[in-house]
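To keep things clear, I will list the structure first and then write my remarks on it.
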Amino acid sequence: RRSGQYTMNHDHSEKAPDAASFDRSGSQDSLDELSMDDYWKELENIHETRGNNHEERVALVVKEPDEGELEEEWLKEAGLSNLFGESSGDSLESMVFLSTLTRTQKEAVEKRVETVTQTMRRRNKQHQIPDVRDIFRLQNDSKGKVCDGSEPSAGRTSENKNETQDGTKGSKFSLGTDEQKTPLEDMSFSDTDVNLEISFAEQAANLKDSSGDRVCKGEGGDTLLPNFRLPKDKTGTTRIGDLAPQDMKKVYSLALIELTALYDVAGTEFKQQKAVKIKTKDSGLFGVPLSVLLEQDQKKVPGTKIPLIFQKLIAQIEESTLETEGLLRIPGVATRIKSLCQELEAKFYEGTFNWENVKQHDAASLLKLFIRELPQPLLTVQYLKAFQDVQNFPTKKQQLQALNLLVLLLPEANRDTLKVLLEFLQRVIDHRDKNKMTLKNVAMVMAPNLFTFHGFGSKTIEQNEFVMAAGTANTMRFMIRYQKLLWTIPKFIVNQVRKQNTERQKKEKKDKAMKKLLKKMAYDREKHEKQEKTPNDADVPQGVIRVQAPQLSKVSMAIQLTEDLKAGDIVARFLSQKSGNVHMLKKEEIFLYEVGGNIGERCLDDETYMKDLYQLNPNAEWIIKVKQS
């Protein structure tokens, strides 16, 4: 939508930007036509490098999906495959999950199930295909209320939009307390506050409703990036890596549904691409899948999460000063890069490669080559186009929200590697006064390396060249500038996970009771359960929690909850004891964990107010331990 300003004459690519052009925009945040020079120059360098690489390489084929196939795949990814096909009779398994969805999330699910249903009927499949509207109706009938606090709906949720017009009821979960229905407009959030408590899609729907379906350009029209921030949350900010794997699986499903709902509300098409599997290298450094690289690296360095060659190239760049002018922009000589590449392949793992021969610009070129040569893009075939299409959202806040959800959807290896890359790029930008590499310059140089993926073929790139250049550079700027925000798990999603866990526990409790009644063999189990409950329920008075720290101390500590008590205060109390293994541990690696109750496990940030969190999860256990990096 804003790409028109970037459709300049392609002759720009032949001019090397002069030193003055770095400061013409007046702000290191802004995008202007002159700054696009770096993008086209980088593309030229990439083509030159590829021209010198005569080895045959099979391009990854991106398959054009059949009718209904995308939606079918989407439902599987969202963990809702039992809503159709042969396993559709077991759809009750998804009832708990569906009961926690917001209005816009439900509509996104309904839309996909409807498409799959129609497709399967056309294919004359004989399976029973339930209508997802009936599933939501069943929940409403049994509970009297749907999960978002609105009245039961007699028909399809999207036909009864007036009942939840404020767009806020679908996201607030109040576990163990009275539900607070706070209209979005009454909440004290400024334009630069990123509201993580209410579903992003619900916020977008509310904005759309209040502006009478007009596209709100609010903070989206100007080229400066706002200073977005996260308001303080008394129950603590949850970051990627803080939750247990079983809860992260739920986060993935919810993030996919939420992202799709956000695209639906914005009227933007969300299509996941699908790669056809091709034969890839099963050893080496360049052109090797991330999973294969990590597998071979973990044999050398157990537990490593970032490819060793990637870490080493960044370290090599940083070994020299980051103040070098044109760092990342000025390429190494293409023939030399090819030679170094071959030598690294042969000697890196043997430890015989001579790094003194690698100049700083060579290392930067090798780093970019590594990213480009991955058999599947770092941002994945599945979501690469979605990352690019983030520019189509009408406001910068929605663009940021979409990116936050996309980061949650990346595989762990891709996400960890991307994080290390973005942190490195920010360190380069921190030296912009000397190296002349501002946010916009770095974004322009790096965007072609992450987005002009060889597998999509050059035809598509040429057809949308200017739109793509602007869109990908914009996405790159956002990812670098807001990286700390992007690695946050929104509170409304964590609340949905809590709700799912609570509902599942209720169901399991009912099933257990039924088994006891029928089999009359539960005496030992009951005894065991009572023993388990003793430490929390019997010993500890009201308003007091018992904190254990098995790695620090043999004894637990009873802590009185006060309004101002934070997680960091509790950790500090244990560390001040000077007993056990305290002296052997680094303070910055020790955290308080919330374990059990309505969450699997959650690492708490030091600013978490314990009384507020206790009210949200009164059945949790509290354990201090070292966080695994």
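The values are calculated or read from the model by the stated rules, or taken from the named source; none is laboratory data. The model shown is predicted, which means the values in this text are computed figures rather than measured ones. Every residue, glycine as well, gets a Cβ built from its backbone with ideal geometry; the counts of neighbours run over all protein chains shown. For accessibility, only protein heavy atoms count, side chains too; no ligands or nucleic acids. Shrake-Rupley method; radii C 1.70, N 1.55, O 1.52, S 1.80 Å.
Table for the structure above
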| quantity | calculated |
| --- | --- |
| Neighbour cut-off at most 15 other Cβ (10 Å), DSSP loop, trypsin sites (Lys or Arg not before Pro), region 590-629 | LYS627 |
| Sparsely packed GluC sites (Glu not before Pro) within region 314-402, loop by DSSP, other Cβ within 10 Å at most 11 | GLU350 |
| Heavy atoms of PHE393 accessible to a 1.4 Å probe, total area in Å² rounded to 10 | 0 |
| Simple label model, 7 Å out from Cα along Cβ direction - ASP605 to ARG504, nm | 2.6 |
| Sequence of LYS434, LYS419 when ordered by accessible area, the most exposed leading, probe 1.4 angstrom | LYS434, LYS419 |
| Amide H contacts of LEU243 (H built 1.01 Å from N, under 5 Å, at least 5 apart or other chain) | CYS603 |
| Residues of region 540-628: accessible area per residue with a 1.4 Å probe, Å² | 51 |
| FRET efficiency for GLU319 and LEU517, using Cβ-Cβ distance with R0 set to 41 Å, rounded to 0.05 | 0.05 |
| Estimated FRET transfer efficiency (ALA346, LYS277; beta-carbon r; R0 22 Å; 0.05) | 0.20 |
| Per residue accessible area in Å² of region 388-457, where ligands, DNA and RNA are left out and the probe is 1.4 Å | 23 |
| Sulfur and carbon atoms: percent of accessible area, region 540-628 [1.4 Å] | 49 |
| Too-long pairs where the Cα-Cα distance tops 25 Å, listed order kept, from LYS274/LYS507; LYS232/LYS587; LYS249/LYS499 | LYS274/LYS507 |
| Percentage, to the nearest whole number, of Cα pairs in region 540-628 over 15 Å apart | 54 |
